[in-house]
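Below is one structure; the comments refer to it alone.
The values are calculated or read from the model by the stated rules, or taken from the named source; none is laboratory data. Since we're looking at a predicted model, the values are computed, not measured. All Cβ positions, glycine included, derive from the backbone under ideal geometry; neighbour counts span all protein chains shown.
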Amino acid sequence: MPRPPSQSPHFSSVADVEKRLSEAGYLPDAQIATTVFLADRLGKPLLVEGPAGTGKTELAKALAAATDSELIRLQCYEGLDEARALYEWNYKKQLLRIQASQAGDGADWDTVHDDIFGDEFLLSRPLLTAIRRTDPTVLLVDETDKADVEVEGLLLEVLSDFQVTIPELGTITATRRPMVVLTSNATRELSEALKRRCLYLALDYPSAEREREIVLSRVPDLAPGLADQLVKTVRALRALELKKSPSISETLDWAQTLLELGLDTLDEGAMSSTLGVVLKHASDQQRAAAELRLN
């Protein structure tokens, strides 16, 4: 089957990516903006890899908002199979139709077969839904590394030709290519075959300056001095050997917490009473209290 025609690019330049993602609430650096621009121009899936909480999923959401696209999300997990990722048949509804046919005009099996294997009985899952859409779409395959390796084989057909083969219906090819973002926390190595089909973007926690910009853009009423204290403290927490380091979204939650409490400084008392906003394990809170000398 021929590849679907390339779509008109969503972004006119790297600067356009920066501007529109920023308007969507995501502040990209030059590397992120450039890679997104190239993925858009080349029609390539974007594989975003990095620690949990570095903004990988938020990037896909911002892309959808910036391009006025529908976000379709496939959340990966151990045991995910084709029926949950691609499609399955509504067996209960098919059985009811068969029983109704037998009780009614007694249609022959070929007629019944053609009837029950149609769109009316097809349960479309995220991959098939994204391929069949004719409106702008961003397909997010989230935490790809958590899925079994067999799921990667399923993704290869989708990402190679943007098509899906359903034995009862034939091959369904996308008429409008979705933008695809795959995320990975690098808990296992993804196959080279999958990586070859993607542009690669490695994300880490932002610099202190950029995280401060993110905080002040999302929580604009926070005092700049308090934002400095907050970012410095979060970076100190990330330097500890914790079960779960604070994510960027948790930094924002902490900023909003301090604002709601009317605090103007992040002293030991404020940290001690609000640490649960960013650290969700008792052992992490104990370690942080010891290292940061909280009462």
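Whether any residue in the range 108-117 is farther than 28 Å from PHE11 by Cβ, at pLDDT 90 or above and not in a helix (DSSP H, G or I) is what I want to check.
The answer is no; no qualifying residue exists.
Has the range 130-143 got at least one residue that is surrounded by fewer than 21 Cβ atoms within 10 Å (Cβ to Cβ), among the hydrophobic types (A, V, I, L, M, F, W, C) and in the same structural domain as LEU80 (by TED's automatic domain parsing)?
No, there is no match, as no residue in the range 130-143 is surrounded by fewer than 21 Cβ atoms within 10 Å (Cβ to Cβ), among the hydrophobic types (A, V, I, L, M, F, W, C) and in the same structural domain as LEU80 (by TED's automatic domain parsing).
Can you pull out every residue in the range 198-210 that is in a loop (DSSP other than H, G, I, E, B) and among the small types (Gly, Ala, Ser)?
Of everything in the range 198-210, just one residue is in a loop (DSSP other than H, G, I, E, B) and among the small types (Gly, Ala, Ser), namely SER207.
Which residues, taken from the range 254-273, are under 14 Å from THR233 (Cα atoms) and modelled with pLDDT under 95?
THR265, LEU266, ASP267, GLU268, GLY269, ALA270, MET271, SER272
Return the only residue of LYS232, LYS243 being without any contact (Cβ under 8 Å) to a residue 60 or more places away in the chain and either under 24 Å from TYR77 (Cβ atoms) or within 22 Å of the chain's Cα centre (by Cα) (or both).
Within the list LYS232, LYS243, the selection yields LYS243.
Going by the structure shown, is THR251 closer than 16 Å to GLY53 by Cα, at pLDDT 95 or above and not assigned by TED's automatic domain parsing to the domain that holds GLY55?
Considered against the rule, which asks whether it is closer than 16 Å to GLY53 by Cα, at pLDDT 95 or above and not assigned by TED's automatic domain parsing to the domain that holds GLY55, THR251 comes out as yes.
Looking at the range 280-295, is at least one residue crowded, with 18+ Cβ neighbours inside 10 Å and within 24 Å of GLU213 (Cβ to Cβ)?
No, because not a single residue in the range 280-295 is crowded, with 18+ Cβ neighbours inside 10 Å and within 24 Å of GLU213 (Cβ to Cβ).
Listed here are the residues, each with its yes/no results for (1) in contact with a strand residue (DSSP E or B) (Cβ under 6 Å, 6 or more places away or on another chain); (2) in a helix (DSSP H, G or I); (3) of a type in the set (Val, Ile, Thr).
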| position | (1), (2), (3) |
| --- | --- |
| ILE32 | no, yes, yes |
| ALA62 | no, yes, no |
| ILE72 | yes, no, yes |
| ALA83 | no, yes, no |
| LYS93 | no, yes, no |
| ILE98 | no, yes, yes |
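So is THR171 of a type in the set (Ser, Thr, Tyr) and touching a strand residue (DSSP E or B) at 6+ places or on another chain (Cβ under 8 Å) or not?
So THR171 fits the description; yes.
Looking for something touching a residue at least 40 places away in the same chain (Cβ under 8 Å), surrounded by fewer than 16 Cβ atoms within 10 Å (Cβ to Cβ) and assigned to a strand (DSSP E or B) - is there at least one such residue anywhere in the range 211-229?
No: zero hits.
Of all residues in the range 144-160, count the ones that are surrounded by fewer than 16 Cβ atoms within 10 Å (Cβ to Cβ), part of a helix (DSSP H, G or I) and of a type outside the set (Val, Ile, Thr).
Adding up the residues that qualify gives 5.
Can ALA186 be described as assigned to a helix (DSSP H, G or I), under 28 Å from the mean Cα position of the chain (by Cα) and either within 30 Å of PRO126 (Cα to Cα) or assigned by TED's automatic domain parsing to the domain that holds PHE162 (or both)?
No; evaluated as a whole, the condition is false for this residue.
Quick one: is LEU252 touching a residue at least 12 places away in the same chain (Cβ under 8 Å), surrounded by 15 or more Cβ atoms within 10 Å (Cβ to Cβ) and within 30 Å of GLU23 (Cα to Cα)?
Spelling it out, LEU252 is indeed touching a residue at least 12 places away in the same chain (Cβ under 8 Å), surrounded by 15 or more Cβ atoms within 10 Å (Cβ to Cβ) and within 30 Å of GLU23 (Cα to Cα).
Within the range 155-181, which residues are in contact (Cβ under 8 Å) with a residue 24 or more places away in the chain and touching an Asp or Glu at 6+ places or on another chain (Cβ under 8 Å)?
GLN163, VAL164, THR173, ARG176, MET179
Which pairs have Cβ atoms under 7 Å, sit 6 or more apart or on different chains, and link a residue in the range 183-206 that is surrounded by fewer than 16 Cβ atoms within 10 Å (Cβ to Cβ) to one that is among the basic types (Lys, Arg) and outside any loop (DSSP other than H, G, I, E, B)?
Listed pairs, sorted by first residue: THR187/LYS146.
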